[in-house]
Amino acid sequence: MTSQPLAIKGGTPVIAKGRFTPQWPEITEDDLKAVSQVIAAHDLTSLTRDGAVSRLEQRWAAEVGTEHCVAVANGTDALTIALAAAGVGPGDEVIVPALSFMASAMAPMHLGALPIFVDIDRDSYNIDTTKIEEKISARTRAIMPVHLHGLPADLDPIIALARRHGLVVIEDAAQCHGGRYRNRPVGALGSLGTFSLNVSKNLPTCGEGGLITTNDGELARAARRYRQFGETLIPGERRTYLHHHLGWNAKMSAPQAAFADSQLDRFHDYMARREHNVRSFLTRLSLLPGLIAPDHPEDRSHVWHILRFRVDPVAAGVGQINPGAFRKAIERALQAEGAPVSDYQRAPLPAQPVFQNPGPLLKGKYGLTPERLKQEYGLHQYPRTCEVIATSFTLQKVHLPPDAADHLMRIADAFEKVFSHLDDIVRLASVSKYHEPWTETLASAPLN
Ligand SMILES: *Cc1c(COP(=O)(O)O)cnc(C)c1O
(Lines give C-alpha, C1' and ligand atoms only; values in the text may rest on other atoms or scores of the structure.)
Protein backbone atom coordinates (compact mmCIF):
# COMPACT_ATOMS: atom_id res chain seq x y z
CA MET A 1 0.00 0.00 0.00
CA THR A 2 2.72 2.48 0.93
CA SER A 3 4.22 2.22 -2.56
CA GLN A 4 0.96 3.45 -4.09
CA PRO A 5 1.08 7.11 -5.18
CA LEU A 6 -0.90 9.55 -3.06
CA ALA A 7 -4.49 10.12 -4.18
CA ILE A 8 -3.80 13.86 -4.24
CA LYS A 9 -1.23 13.07 -6.98
CA GLY A 10 -3.62 10.90 -8.98
CA GLY A 11 -3.25 7.58 -7.10
CA THR A 12 -6.13 5.41 -5.89
CA PRO A 13 -7.70 6.62 -2.63
CA VAL A 14 -7.41 4.29 0.37
CA ILE A 15 -11.10 4.72 1.16
CA ALA A 16 -13.37 4.49 -1.88
CA LYS A 17 -16.09 7.11 -2.31
CA GLY A 18 -19.51 5.86 -1.22
CA ARG A 19 -18.12 3.15 1.07
CA PHE A 20 -20.59 2.34 3.88
CA THR A 21 -19.79 4.03 7.18
CA PRO A 22 -21.79 3.77 10.41
CA GLN A 23 -23.89 6.83 11.28
CA TRP A 24 -24.14 8.80 14.49
CA PRO A 25 -26.35 8.77 16.42
CA GLU A 26 -27.01 5.05 16.20
CA ILE A 27 -30.81 4.85 16.23
CA THR A 28 -32.48 1.59 17.31
CA GLU A 29 -36.04 0.25 17.48
CA ASP A 30 -35.93 0.95 21.22
CA ASP A 31 -35.29 4.65 20.59
CA LEU A 32 -38.22 4.83 18.17
CA LYS A 33 -40.47 2.99 20.59
CA ALA A 34 -39.50 5.28 23.47
CA VAL A 35 -40.37 8.38 21.43
CA SER A 36 -43.65 7.02 20.06
CA GLN A 37 -44.72 5.86 23.52
CA VAL A 38 -44.54 9.33 25.05
CA ILE A 39 -46.39 10.76 22.07
CA ALA A 40 -49.08 8.07 22.22
CA ALA A 41 -49.44 8.64 25.97
CA HIS A 42 -49.87 12.41 25.46
CA ASP A 43 -46.88 12.93 27.76
CA LEU A 44 -46.01 16.09 25.86
CA THR A 45 -45.15 18.69 28.49
CA SER A 46 -41.91 18.93 30.40
CA LEU A 47 -43.31 19.44 33.75
CA THR A 48 -45.19 16.39 34.94
CA ARG A 49 -43.80 14.61 37.98
CA ASP A 50 -43.28 11.23 36.33
CA GLY A 51 -42.97 12.33 32.70
CA ALA A 52 -40.10 11.67 30.31
CA VAL A 53 -38.30 14.92 31.18
CA SER A 54 -38.28 14.23 34.93
CA ARG A 55 -37.14 10.68 34.28
CA LEU A 56 -34.17 11.86 32.23
CA GLU A 57 -33.31 14.49 34.86
CA GLN A 58 -33.30 11.90 37.64
CA ARG A 59 -31.20 9.47 35.66
CA TRP A 60 -28.62 12.07 34.60
CA ALA A 61 -28.31 13.39 38.17
CA ALA A 62 -27.61 9.80 39.30
CA GLU A 63 -25.12 9.37 36.46
CA VAL A 64 -23.16 12.53 37.35
CA GLY A 65 -23.69 12.05 41.07
CA THR A 66 -25.32 15.42 41.69
CA GLU A 67 -28.45 16.02 43.70
CA HIS A 68 -30.16 17.94 40.92
CA CYS A 69 -30.46 17.99 37.16
CA VAL A 70 -32.52 20.49 35.18
CA ALA A 71 -33.33 19.71 31.54
CA VAL A 72 -33.44 22.60 29.05
CA ALA A 73 -33.86 23.17 25.32
CA ASN A 74 -30.17 22.97 24.30
CA GLY A 75 -26.62 23.20 25.62
CA THR A 76 -26.34 26.94 24.99
CA ASP A 77 -29.47 27.58 27.08
CA ALA A 78 -27.97 25.30 29.73
CA LEU A 79 -24.90 27.58 29.91
CA THR A 80 -26.91 30.82 29.82
CA ILE A 81 -29.33 29.62 32.50
CA ALA A 82 -26.51 28.24 34.67
CA LEU A 83 -24.80 31.65 34.51
CA ALA A 84 -28.06 33.46 35.26
CA ALA A 85 -28.78 31.15 38.20
CA ALA A 86 -25.29 31.90 39.52
CA GLY A 87 -26.14 35.61 39.45
CA VAL A 88 -24.14 36.67 36.39
CA GLY A 89 -25.62 39.80 34.82
CA PRO A 90 -24.93 43.03 32.91
CA GLY A 91 -21.41 44.39 33.31
CA ASP A 92 -20.00 41.19 34.79
CA GLU A 93 -17.08 39.32 33.28
CA VAL A 94 -16.84 35.58 32.70
CA ILE A 95 -13.54 33.84 32.04
CA VAL A 96 -13.66 31.51 29.03
CA PRO A 97 -10.95 29.60 27.11
CA ALA A 98 -9.93 31.10 23.75
CA LEU A 99 -10.50 27.75 22.04
CA SER A 100 -14.05 26.42 22.29
CA PHE A 101 -17.36 26.38 20.47
CA MET A 102 -18.85 29.88 20.18
CA ALA A 103 -21.68 29.05 22.58
CA SER A 104 -19.22 29.24 25.50
CA ALA A 105 -18.63 32.92 24.68
CA MET A 106 -22.18 33.82 23.63
CA ALA A 107 -23.88 32.51 26.77
CA PRO A 108 -22.44 35.29 29.00
CA MET A 109 -23.19 37.88 26.30
CA HIS A 110 -26.89 36.96 26.35
CA LEU A 111 -26.85 38.16 29.96
CA GLY A 112 -25.01 41.39 29.15
CA ALA A 113 -21.80 39.94 30.59
CA LEU A 114 -18.48 39.99 28.80
CA PRO A 115 -16.42 36.91 27.96
CA ILE A 116 -12.77 37.43 28.89
CA PHE A 117 -10.58 34.91 27.13
CA VAL A 118 -7.60 32.93 28.40
CA ASP A 119 -5.10 31.17 26.15
CA ILE A 120 -5.03 27.37 26.07
CA ASP A 121 -2.48 24.77 27.08
CA ARG A 122 -0.68 23.30 24.06
CA ASP A 123 -0.98 19.67 25.12
CA SER A 124 -4.48 19.43 26.58
CA TYR A 125 -6.04 22.15 24.34
CA ASN A 126 -7.92 23.25 27.48
CA ILE A 127 -7.71 26.56 29.37
CA ASP A 128 -4.18 27.31 30.66
CA THR A 129 -4.79 27.43 34.39
CA THR A 130 -1.60 29.43 34.98
CA LYS A 131 -2.97 32.32 32.91
CA ILE A 132 -6.37 32.73 34.58
CA GLU A 133 -5.47 34.85 37.58
CA GLU A 134 -4.05 37.72 35.53
CA LYS A 135 -7.47 38.02 33.82
CA ILE A 136 -9.48 38.34 37.02
CA SER A 137 -10.79 41.89 37.57
CA ALA A 138 -13.19 43.53 40.00
CA ARG A 139 -15.99 42.66 37.54
CA THR A 140 -15.21 38.94 37.22
CA ARG A 141 -18.06 36.75 38.48
CA ALA A 142 -17.42 33.31 37.02
CA ILE A 143 -14.86 30.99 35.45
CA MET A 144 -16.16 28.68 32.76
CA PRO A 145 -13.70 25.87 32.03
CA VAL A 146 -14.64 23.88 28.92
CA HIS A 147 -13.83 20.15 28.82
CA LEU A 148 -12.89 20.45 25.16
CA HIS A 149 -12.93 17.43 22.82
CA GLY A 150 -13.95 15.25 25.79
CA LEU A 151 -10.89 15.85 27.99
CA PRO A 152 -11.65 17.37 31.42
CA ALA A 153 -9.96 20.71 32.13
CA ASP A 154 -7.59 20.84 35.12
CA LEU A 155 -10.36 21.61 37.61
CA ASP A 156 -8.68 21.55 41.03
CA PRO A 157 -6.47 24.63 40.50
CA ILE A 158 -9.41 26.41 38.85
CA ILE A 159 -11.73 25.68 41.78
CA ALA A 160 -9.04 26.75 44.28
CA LEU A 161 -8.51 30.02 42.40
CA ALA A 162 -12.26 30.66 42.22
CA ARG A 163 -12.57 30.13 46.00
CA ARG A 164 -9.78 32.61 46.68
CA HIS A 165 -11.47 35.25 44.53
CA GLY A 166 -15.10 34.47 45.45
CA LEU A 167 -16.06 33.33 41.94
CA VAL A 168 -18.39 30.58 40.72
CA VAL A 169 -17.13 27.79 38.46
CA ILE A 170 -19.45 26.61 35.70
CA GLU A 171 -18.23 23.54 33.84
CA ASP A 172 -19.06 23.51 30.13
CA ALA A 173 -19.24 19.73 29.74
CA ALA A 174 -21.10 19.81 26.39
CA GLN A 175 -18.37 17.56 24.93
CA CYS A 176 -17.60 15.48 27.99
CA HIS A 177 -20.49 13.21 29.04
CA GLY A 178 -19.12 10.50 31.31
CA GLY A 179 -15.71 12.19 31.70
CA ARG A 180 -13.85 11.81 35.00
CA TYR A 181 -11.31 14.06 36.73
CA ARG A 182 -9.34 12.62 39.66
CA ASN A 183 -11.93 9.90 39.92
CA ARG A 184 -14.88 12.26 40.12
CA PRO A 185 -17.43 12.81 37.33
CA VAL A 186 -17.32 16.12 35.45
CA GLY A 187 -20.41 18.25 35.87
CA ALA A 188 -20.34 17.60 39.63
CA LEU A 189 -17.22 19.57 40.52
CA GLY A 190 -18.06 23.20 39.77
CA SER A 191 -21.05 25.05 41.24
CA LEU A 192 -22.92 24.01 38.12
CA GLY A 193 -22.22 21.77 35.13
CA THR A 194 -23.84 21.90 31.72
CA PHE A 195 -24.24 19.29 28.98
CA SER A 196 -25.54 19.37 25.42
CA LEU A 197 -27.67 16.60 23.92
CA ASN A 198 -27.29 17.90 20.37
CA VAL A 199 -27.24 15.07 17.79
CA SER A 200 -23.50 15.49 17.33
CA LYS A 201 -22.60 14.91 21.01
CA ASN A 202 -21.64 11.73 22.87
CA LEU A 203 -25.11 11.47 24.46
CA PRO A 204 -27.44 12.62 21.70
CA THR A 205 -31.12 13.27 21.44
CA CYS A 206 -32.98 13.38 18.10
CA GLY A 207 -32.45 17.13 17.81
CA GLU A 208 -31.62 19.64 20.54
CA GLY A 209 -31.42 19.37 24.30
CA GLY A 210 -29.37 20.40 27.32
CA LEU A 211 -28.86 19.40 30.96
CA ILE A 212 -27.72 21.40 33.98
CA THR A 213 -26.29 19.58 37.01
CA THR A 214 -25.69 20.96 40.51
CA ASN A 215 -25.62 19.95 44.17
CA ASP A 216 -27.05 23.30 45.21
CA GLY A 217 -30.84 23.22 45.65
CA GLU A 218 -31.10 27.02 45.43
CA LEU A 219 -29.27 27.08 42.07
CA ALA A 220 -31.42 24.21 40.78
CA ARG A 221 -34.62 26.04 41.74
CA ALA A 222 -33.35 29.21 40.06
CA ALA A 223 -32.51 27.24 36.89
CA ARG A 224 -36.04 25.77 36.86
CA ARG A 225 -37.53 29.27 37.13
CA TYR A 226 -35.29 30.64 34.38
CA ARG A 227 -36.35 27.91 31.93
CA GLN A 228 -40.02 28.73 32.64
CA PHE A 229 -40.55 32.52 32.32
CA GLY A 230 -39.28 33.20 35.85
CA GLU A 231 -42.13 31.12 37.28
CA THR A 232 -42.07 28.48 40.02
CA LEU A 233 -43.94 25.35 38.98
CA ILE A 234 -44.60 22.56 41.42
CA PRO A 235 -45.61 19.33 39.65
CA GLY A 236 -49.11 18.30 40.60
CA GLU A 237 -49.96 21.73 42.01
CA ARG A 238 -51.93 24.55 40.43
CA ARG A 239 -49.99 27.04 38.30
CA THR A 240 -49.58 30.45 39.93
CA TYR A 241 -48.74 32.53 36.84
CA LEU A 242 -46.47 34.51 39.12
CA HIS A 243 -43.25 35.61 37.39
CA HIS A 244 -40.48 36.53 39.80
CA HIS A 245 -37.92 37.76 37.30
CA LEU A 246 -37.00 37.72 33.64
CA GLY A 247 -36.87 34.19 32.27
CA TRP A 248 -36.93 32.20 29.07
CA ASN A 249 -39.05 29.48 27.59
CA ALA A 250 -36.20 26.98 27.51
CA LYS A 251 -37.89 23.73 28.40
CA MET A 252 -36.94 20.37 26.91
CA SER A 253 -39.72 18.59 25.06
CA ALA A 254 -40.80 15.15 26.24
CA PRO A 255 -40.06 13.24 22.99
CA GLN A 256 -36.49 14.59 23.02
CA ALA A 257 -36.12 13.52 26.63
CA ALA A 258 -37.46 10.03 25.84
CA PHE A 259 -34.96 9.61 22.99
CA ALA A 260 -32.01 10.68 25.15
CA ASP A 261 -33.25 8.46 27.99
CA SER A 262 -33.32 5.49 25.61
CA GLN A 263 -29.79 6.35 24.37
CA LEU A 264 -28.70 6.48 28.00
CA ASP A 265 -29.56 2.75 28.30
CA ARG A 266 -26.66 2.07 25.89
CA PHE A 267 -24.40 4.98 26.87
CA HIS A 268 -21.91 2.92 28.91
CA ASP A 269 -21.76 0.14 26.34
CA TYR A 270 -21.10 2.67 23.57
CA MET A 271 -18.51 4.46 25.68
CA ALA A 272 -16.62 1.21 26.35
CA ARG A 273 -16.67 0.21 22.67
CA ARG A 274 -15.57 3.70 21.60
CA GLU A 275 -12.73 3.54 24.11
CA HIS A 276 -11.57 0.25 22.59
CA ASN A 277 -11.93 1.37 18.96
CA VAL A 278 -10.27 4.74 19.46
CA ARG A 279 -7.38 3.27 21.49
CA SER A 280 -6.60 0.74 18.75
CA PHE A 281 -6.72 3.54 16.18
CA LEU A 282 -4.53 5.92 18.18
CA THR A 283 -2.01 3.18 18.95
CA ARG A 284 -1.32 2.90 15.24
CA LEU A 285 -1.17 6.66 14.70
CA SER A 286 1.11 7.30 17.65
CA LEU A 287 3.85 5.44 15.73
CA LEU A 288 3.95 8.12 13.01
CA PRO A 289 6.80 10.59 13.70
CA GLY A 290 5.57 14.18 13.62
CA LEU A 291 1.93 13.34 14.36
CA ILE A 292 0.78 14.19 17.88
CA ALA A 293 -2.29 12.09 18.60
CA PRO A 294 -4.74 13.01 21.39
CA ASP A 295 -3.88 11.71 24.84
CA HIS A 296 -4.75 12.43 28.47
CA PRO A 297 -2.97 12.79 31.80
CA GLU A 298 -3.35 9.83 34.15
CA ASP A 299 -5.57 11.72 36.57
CA ARG A 300 -8.44 12.07 34.09
CA SER A 301 -10.24 10.19 31.34
CA HIS A 302 -10.80 11.25 27.74
CA VAL A 303 -14.24 10.47 26.32
CA TRP A 304 -13.00 11.10 22.75
CA HIS A 305 -15.72 13.49 21.59
CA ILE A 306 -13.41 15.03 19.00
CA LEU A 307 -9.98 13.69 18.03
CA ARG A 308 -7.55 16.55 17.38
CA PHE A 309 -4.22 15.78 15.71
CA ARG A 310 -1.32 18.21 15.75
CA VAL A 311 1.66 17.97 13.42
CA ASP A 312 5.26 18.84 14.20
CA PRO A 313 7.51 19.17 11.13
CA VAL A 314 10.68 18.99 13.23
CA ALA A 315 9.69 15.62 14.74
CA ALA A 316 8.68 14.49 11.24
CA GLY A 317 12.19 15.28 10.02
CA VAL A 318 11.15 18.11 7.67
CA GLY A 319 11.95 20.97 10.02
CA GLN A 320 12.46 23.73 7.42
CA ILE A 321 8.82 23.93 6.47
CA ASN A 322 6.13 26.30 7.79
CA PRO A 323 4.19 24.16 10.32
CA GLY A 324 0.80 25.54 9.22
CA ALA A 325 1.52 24.84 5.54
CA PHE A 326 2.68 21.34 6.51
CA ARG A 327 -0.58 20.72 8.41
CA LYS A 328 -2.67 21.97 5.50
CA ALA A 329 -0.89 19.74 2.98
CA ILE A 330 -1.32 16.68 5.21
CA GLU A 331 -4.97 17.49 5.78
CA ARG A 332 -5.63 17.84 2.03
CA ALA A 333 -3.73 14.65 1.25
CA LEU A 334 -5.74 12.74 3.88
CA GLN A 335 -9.00 14.10 2.49
CA ALA A 336 -7.98 12.96 -0.99
CA GLU A 337 -7.42 9.46 0.46
CA GLY A 338 -11.04 9.54 1.69
CA ALA A 339 -10.16 10.15 5.36
CA PRO A 340 -12.86 12.53 6.66
CA VAL A 341 -10.54 14.92 8.53
CA SER A 342 -11.66 18.51 8.94
CA ASP A 343 -11.07 21.64 10.96
CA TYR A 344 -12.86 22.27 14.24
CA GLN A 345 -12.71 26.03 14.90
CA ARG A 346 -10.68 28.02 12.39
CA ALA A 347 -10.14 31.01 14.66
CA PRO A 348 -9.59 31.72 18.35
CA LEU A 349 -12.93 32.89 19.78
CA PRO A 350 -11.66 36.47 20.28
CA ALA A 351 -10.84 36.60 16.53
CA GLN A 352 -14.50 36.13 15.61
CA PRO A 353 -16.14 39.07 13.82
CA VAL A 354 -18.45 39.61 16.80
CA PHE A 355 -15.37 40.75 18.78
CA GLN A 356 -13.32 42.20 15.92
CA ASN A 357 -16.07 44.52 14.62
CA PRO A 358 -15.99 46.79 17.63
CA GLY A 359 -19.04 48.97 16.92
CA PRO A 360 -21.71 46.97 18.76
CA LEU A 361 -19.38 46.06 21.62
CA LEU A 362 -18.40 49.65 22.25
CA LYS A 363 -21.99 50.89 22.00
CA GLY A 364 -23.28 48.07 24.16
CA LYS A 365 -23.62 47.37 27.83
CA TYR A 366 -20.16 45.97 28.39
CA GLY A 367 -18.30 49.00 29.69
CA LEU A 368 -15.51 48.52 27.15
CA THR A 369 -13.06 51.20 26.14
CA PRO A 370 -11.39 50.96 22.71
CA GLU A 371 -8.09 50.24 24.48
CA ARG A 372 -9.54 47.37 26.53
CA LEU A 373 -11.23 45.97 23.44
CA LYS A 374 -7.96 45.96 21.56
CA GLN A 375 -6.18 44.46 24.52
CA GLU A 376 -8.67 41.68 25.33
CA TYR A 377 -9.43 40.58 21.80
CA GLY A 378 -6.01 41.13 20.24
CA LEU A 379 -4.57 37.88 18.95
CA HIS A 380 -1.15 38.58 20.51
CA GLN A 381 -2.73 37.38 23.76
CA TYR A 382 -3.49 33.90 22.42
CA PRO A 383 -0.28 32.49 20.89
CA ARG A 384 -0.94 28.85 21.91
CA THR A 385 -4.50 28.92 20.56
CA CYS A 386 -3.23 30.33 17.26
CA GLU A 387 -0.45 27.76 17.08
CA VAL A 388 -2.81 24.85 17.78
CA ILE A 389 -5.35 26.00 15.18
CA ALA A 390 -2.63 26.47 12.56
CA THR A 391 -1.00 23.10 13.15
CA SER A 392 -3.90 20.73 13.83
CA PHE A 393 -6.98 19.13 12.30
CA THR A 394 -9.68 16.87 13.66
CA LEU A 395 -11.83 13.81 13.23
CA GLN A 396 -15.42 14.40 14.27
CA LYS A 397 -18.38 12.06 14.67
CA VAL A 398 -16.98 9.20 12.53
CA HIS A 399 -15.39 7.54 15.57
CA LEU A 400 -18.48 7.86 17.79
CA PRO A 401 -20.59 4.90 16.54
CA PRO A 402 -19.96 1.64 18.44
CA ASP A 403 -19.19 -0.15 15.16
CA ALA A 404 -16.64 2.38 13.91
CA ALA A 405 -13.62 0.01 14.37
CA ASP A 406 -13.37 -1.02 10.75
CA HIS A 407 -13.74 2.48 9.36
CA LEU A 408 -11.11 3.74 11.82
CA MET A 409 -8.64 1.07 10.65
CA ARG A 410 -9.08 2.28 7.05
CA ILE A 411 -8.54 5.86 8.21
CA ALA A 412 -5.35 4.68 9.96
CA ASP A 413 -4.27 3.14 6.62
CA ALA A 414 -4.75 6.56 5.02
CA PHE A 415 -2.65 8.28 7.72
CA GLU A 416 0.13 5.71 7.29
CA LYS A 417 0.09 6.13 3.52
CA VAL A 418 0.29 9.92 3.72
CA PHE A 419 3.08 9.83 6.32
CA SER A 420 5.09 7.48 4.12
CA HIS A 421 5.10 10.16 1.40
CA LEU A 422 6.36 13.16 3.33
CA ASP A 423 8.58 14.21 0.42
CA ASP A 424 5.42 14.75 -1.64
CA ILE A 425 3.77 16.54 1.27
CA VAL A 426 6.71 18.93 1.64
CA ARG A 427 6.62 19.70 -2.09
CA LEU A 428 2.87 20.25 -1.97
CA ALA A 429 3.22 22.54 1.04
CA SER A 430 5.95 24.62 -0.59
CA VAL A 431 4.00 25.28 -3.80
CA SER A 432 0.59 26.04 -2.24
CA LYS A 433 -0.37 29.42 -0.80
CA TYR A 434 -0.71 29.41 2.95
CA HIS A 435 -2.62 31.90 5.10
CA GLU A 436 -3.30 31.50 8.79
CA PRO A 437 -6.78 29.93 9.08
CA TRP A 438 -8.24 32.86 11.07
CA THR A 439 -7.18 35.44 8.48
CA GLU A 440 -8.91 33.34 5.80
CA THR A 441 -11.98 32.99 8.02
CA LEU A 442 -12.27 36.70 8.65
CA ALA A 443 -11.61 37.65 5.02
CA SER A 444 -14.39 35.32 3.86
CA ALA A 445 -16.90 36.59 6.39
CA PRO A 446 -19.00 39.40 4.94
CA LEU A 447 -21.92 40.20 7.24
CA ASN A 448 -24.61 39.15 4.76
C1 LIG B 1 -22.14 22.00 21.51
C2 LIG B 1 -21.51 22.88 22.50
C3 LIG B 1 -22.24 23.84 23.22
C4 LIG B 1 -23.65 24.20 22.90
O5 LIG B 1 -24.55 23.17 22.89
P6 LIG B 1 -25.84 23.26 21.96
O7 LIG B 1 -26.69 22.13 22.46
O8 LIG B 1 -25.39 23.07 20.55
O9 LIG B 1 -26.48 24.57 22.18
C10 LIG B 1 -21.59 24.56 24.20
N11 LIG B 1 -20.29 24.39 24.45
C12 LIG B 1 -19.55 23.50 23.78
C13 LIG B 1 -18.10 23.34 24.13
C14 LIG B 1 -20.13 22.72 22.77
O15 LIG B 1 -19.39 21.86 22.08
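The values are calculated or read from the model by the stated rules, or taken from the named source; none is laboratory data. Every value quoted in this text rests on a predicted model; they were computed, and no experiment measured them. FYI the Cβ positions are ideal-geometry reconstructions off the backbone, even for glycines, and counts take in every protein chain you see. Accessible surface is based on the protein model in full, side chains and every heavy atom, while ligands, DNA and RNA are left aside. Shrake-Rupley method; radii C 1.70, N 1.55, O 1.52, S 1.80 Å.
When only residues in the range 119-167 that are in contact with a Pro (Cβ under 6 Å, 6 or more places away or on another chain) and surrounded by fewer than 24 Cβ atoms within 10 Å (Cβ to Cβ) count, which is farthest from Gly193 (Cα to Cα)? Show your work before the answer.
The initial filter retains those residues of the range 119-167 that are in contact with a Pro (Cβ under 6 Å, 6 or more places away or on another chain), namely 120, 127, 129, 146, 153, 158.
Remaining after also requiring surrounded by fewer than 24 Cβ atoms within 10 Å (Cβ to Cβ): 129, 158.
On the way: Thr129: 18, Ile158: 14 Å.
Restricting to residues being in contact with a Pro (Cβ under 6 Å, 6 or more places away or on another chain) and surrounded by fewer than 24 Cβ atoms within 10 Å (Cβ to Cβ), the top hit is Thr129.
Just give me the residues in the range 203-217 being of a type outside the set (Val, Ile, Thr) and within 12 Å of the ligand (Cβ to nearest atom), in sequence order.
In the first step, residues of the range 203-217 are kept if they are of a type outside the set (Val, Ile, Thr); the result is 203-204, 206-211, 215-217.
Correct list: Leu203, Pro204, Gly207, Glu208, Gly209, Gly210, Leu211.
Of all residues in the range 112-147, how many are at pLDDT below 95 and within 15 Å of the ligand (Cβ to nearest atom)?
Result for the range 112-147: 0.
Which of the numbered conditions does Tyr366 fail, given that it passes all the others? Conditions: (1) among the hydroxyl-bearing types (Ser, Thr, Tyr); (2) modelled with pLDDT of 95 or more; (3) open to solvent by 20 Å² or more (accessible area, probe 1.4 Å).
With (1) among the hydroxyl-bearing types (Ser, Thr, Tyr); (2) modelled with pLDDT of 95 or more; (3) open to solvent by 20 Å² or more (accessible area, probe 1.4 Å) applied to Tyr366, the lone miss is (2).
Can you name the residue in the range 168-202 that is open to solvent by less than 30 Å² (accessible area, probe 1.4 Å) and over 23 Å from Leu400 (Cα atoms) and, of all such residues, is farthest from the ligand (Cβ to nearest atom)?
Ala188
Looking only at the range 103-126, which residues are part of a loop (DSSP other than H, G, I, E, B) and either farther than 16 Å from Leu155 by Cβ or within 14 Å of the chain's Cα centre (by Cα) (or both)?
Across the range 103-126, the qualifying residues are Leu111, Gly112, Ala113, Asp119, Arg122, Asp123, Ser124, Tyr125, Asn126.
If I go through the range 267-295 residue by residue, how many of them are open to solvent by less than 50 Å² (accessible area, probe 1.4 Å) and either hydroxyl-bearing (Ser, Thr, Tyr) or free of Cβ contacts under 8 Å to residues at least 60 places away in the same chain (or both)? Give the steps one after another, and end with the answer.
Restricting attention to the range 267-295, the residues satisfying the condition of being open to solvent by less than 50 Å² (accessible area, probe 1.4 Å) are 267, 270-271, 274, 277-278, 280-282, 285, 288, 290-291, 293-294.
Keeping just the survivors that are either hydroxyl-bearing (Ser, Thr, Tyr) or free of Cβ contacts under 8 Å to residues at least 60 places away in the same chain (or both) gives 270, 280, 282, 293.
So the count comes out to 4.
Scan the range 228-264 residue by residue and report those that are buried (at least 20 other Cβ atoms within 10 Å of the Cβ) and among the hydrophobic types (A, V, I, L, M, F, W, C).
Passing the criteria: Ala250, Met252, Ala254, Ala257, Ala258, Phe259, Ala260.
With the requirement that a residue be among the hydroxyl-bearing types (Ser, Thr, Tyr) and either part of a loop (DSSP other than H, G, I, E, B) or away from the ligand (no atom under 16 Å from the Cβ) (or both), what does the range 39-77 give you?
Keep residues of the range 39-77 that are among the hydroxyl-bearing types (Ser, Thr, Tyr), which gives 45-46, 48, 54, 66, 76.
Those that are among the hydroxyl-bearing types (Ser, Thr, Tyr) and either part of a loop (DSSP other than H, G, I, E, B) or away from the ligand (no atom under 16 Å from the Cβ) (or both): Thr45, Ser46, Thr48, Ser54, Thr66.
Restricting to the range 397-435, count the residues that are more than 17 Å from Ala336 (Cβ to Cβ) and either without any contact (Cβ under 8 Å) to a residue 60 or more places away in the chain or among the small types (Gly, Ala, Ser) (or both).
Counting residues in the range 397-435 that are more than 17 Å from Ala336 (Cβ to Cβ) and either without any contact (Cβ under 8 Å) to a residue 60 or more places away in the chain or among the small types (Gly, Ala, Ser) (or both) gives 6.
Give Arg384, Arg410, Arg372 a once-over and let me know the one that is out of contact with any helix residue (DSSP H, G or I) (no Cβ under 8 Å at 6 or more places or on another chain), closer than 29 Å to Tyr270 by Cβ and of a type outside the set (A, V, I, L, M, F, W, C).
Values: Arg384 fails: closer than 29 Å to Tyr270 by Cβ; Arg372 fails: closer than 29 Å to Tyr270 by Cβ.
After applying the criteria, what remains is Arg410.
If I ask for residues that are open to solvent by 20 Å² or more (accessible area, probe 1.4 Å) and within 11 Å of the ligand (Cβ to nearest atom), which ones from the range 78-111 would you list?
Phe101, Met102, Met106 - these are the residues of the range 78-111 that are open to solvent by 20 Å² or more (accessible area, probe 1.4 Å) and within 11 Å of the ligand (Cβ to nearest atom).
Here are Ala73, Ala52, Ala62, Ala41: which of them is at pLDDT 90 or above, farther than 16 Å from Asp261 by Cβ and of a type in the set (A, V, I, L, M)? Break it down stepwise before answering.
Details: Ala52 fails: farther than 16 Å from Asp261 by Cβ; Ala62 fails: farther than 16 Å from Asp261 by Cβ; Ala41 fails: farther than 16 Å from Asp261 by Cβ.
Of Ala73, Ala52, Ala62, Ala41, the one residue that is at pLDDT 90 or above, farther than 16 Å from Asp261 by Cβ and of a type in the set (A, V, I, L, M) is Ala73.
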